[in-house]
Structures are given as C-alpha cells and as structure tokens.
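The values are calculated or read from the model by the stated rules, or taken from the named source; none is laboratory data. Small disclaimer: the values here were computed from a predicted structure and weren't measured. Neighbour counts run over all protein chains shown; Cβ positions are idealised from the backbone, glycine included. Calculation scope for accessible area: heavy atoms of the full protein, side chains included, ligands and nucleic acids excluded. Shrake-Rupley method; radii C 1.70, N 1.55, O 1.52, S 1.80 Å.
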Amino acid sequence: MGALAALLALEPDIEVVGRAADGPAAWALVQRERPEVLLSDIEMPGLSGLDLAARVQAAKLPTRVLIVTTFGRPGYLRRALDAGVRGYLLKDQPSEELAAAVRRVAAGQRVVATELAEAAWDLPDPLSERERSVLRLAEEGRSNKEIADTLGLSPGTVRNYLHEAAQKLGADNRVEAARIARTRGWL
C-alpha cells in the first residue's frame, strides 16, 4: 500500500493524511483523522480490511472504504459489500484508474472491478457467519472441543456446523470445506 499511497500523493487534488502498517493502526488513524476515503487491503495483520470496513460502518463514520487487493475472488467482494465497502479494485489497476476510483468513492459513488462484479452476482456465499467462524478455526487445525471452547458452543454443535458447511460446499470433510471456502473468498 505504500507505493499506492505515494502515487496518490502525486495527484494535486488528493491528500494522503496517513499510512498504517496494520489493521489496528489503520483503525486508530481513521478514528483520529476521519479521512474521506480509507484505502485498505483485505489481508492485514491484526485486523482485516473487511473487519476494518465493518468497524467504520458500525461507528457511523463518514469515511468511505476502498479496498485495493490482489484477492480477485467474488466471495471477498460480496463480503466487502456487506461490510459497507464503497469500492473494490485489484492492485494491478493503472494508477490513473486508482486515482479516479478514489475520487468517485469520495463523491459517494461505488467502484467495483468489472470482472469481479459479474462473478459476484453468480456465486452467492452459502455460509452463515457461525459456519464461517467454525470453519476458520477448523482450518487452523483445531479440534471440535477446542473450537467449542473458543466459541462457547458444545462439541456437538460444532460438529453440526462443520457438517452443514461441508454439505453446502459439496465437500467430503472439514479440510476440503475450508479449502473451498478460502478459495472462493468466503473465509
């Protein structure tokens, strides 16, 4: 993101008010500076770009979030839109398009990479939030008991969530279910 910020700083009508190395630092910066547009990636240490966007939305801040990422998966786009993101671009966009996107998002418009927009309409996310959280922990290699303890559920309930998620994704087991969900951008 540092290179993108440097390119945007060259634009006469765009002011870069800060840069953050991780999600928590970005959240602190947004709360302090209240920028018109927050440029974020999906994957960041400490707090994902989607979590950051959800916090901005929940806090009812005027900041609009523009995701610029290498993750060109329709599931990520769908989750980003649900989190209140106003724009979603891939990092390989020319700098002129990125600057134009920042301007459009600042003006209240939506900007979405065309190739992702089409795919997102065709591939809805079948997972519930609880199934997603259980699958994330299973993907880390945790047992049903460990997942249950972490989420305050019974091991049987965890087993049911994993079974439902696997069934929805057409997977034979929890590992395959997590792989499918990760590949499609749903985790």
Original post:
What is the pair-distance distribution P(r) of the stretch 117-187, computed from all Cα-Cα distances in 5 Å bins starting at 0, with each bin given as a whole percent?
Top reply: 3, 19, 31, 23, 14, 6, 3, 2
Subject >> Mean separation of Cα contacts under 8 Å (6+ apart) over length of the stretch 1-81, as relative contact order % >> reply: 26
Original post:
With every protein chain present, what accessible area does Asp92 have (1.4 Å probe, heavy atoms only), rounded to the nearest 10 Å²?
Top reply: 120
Subject >> Nearest 10 degrees, 0 to 90: helix 174-183 Cα axis against the chain principal axis >> reply: 20
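Counting only protein heavy atoms and using a 1.4 Å probe, what share of the accessible area of the stretch 46-128 belongs to carbon plus sulfur, as a whole percent?
C and S atoms contribute 50 percent here.
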Original post:
In the stretch 1-36, which GluC sites (Glu not before Pro) are in a loop and have at most 12 other Cβ atoms within 10 Å, using DSSP for the loop call?
Top reply: Glu15
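In Å³ and rounded to a whole number, note down the convex hull volume per residue for the Cα atoms of the stretch 31-74. Walk me through the intermediate numbers first.
Numbers: hull volume 3.5 nm³, N = 44.
So the per-residue Cα hull volume is 80 Å³.
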Original post:
When the accessible area of the stretch 140-187 is computed with all protein chains present and a 1.4 Å probe, what percentage of it is carbon and sulfur?
Top reply: 47
**OP:** Send over the per residue convex hull volume for the stretch 1-65, Cα only, as a whole number of Å³.
**Re:** 71
Original post:
Hey, any idea what the orientation-averaged projected area of the convex hull of the stretch 52-150's Cα atoms comes to, in nm²?
Top reply: 7.7
**OP:** Taking all protein chains together and a probe of 1.4 Å, list Lys145, Lys168 from the most accessible to the least accessible.
**Re:** Lys145, Lys168
Subject >> Candidate lysines - alpha carbon under 25 Å from Lys145, same-chain residues fewer than 8 apart omitted >> reply: Lys168
Original post:
Along the positive direction of the dipole of the stretch 1-128 (beta-carbon charges: Lys, Arg +1; Asp, Glu -1; about the Cα centre), which of Gly87, Leu61, Pro24 reaches farthest?
Top reply: Leu61
Original post:
Based on Cβ point charges of +1 for Lys and Arg and -1 for Asp and Glu, what charge dipole magnitude is obtained for the chain about its Cα centre, in debye rounded to the nearest 20?
Top reply: 480
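What accessible area per residue, rounded to a whole number of Å², is obtained for the chain using a probe radius of 1.4 Å?
Values: 9790 Å² over 187 residues.
With the other protein chains kept in place, the chain gives 52 Å² per residue.
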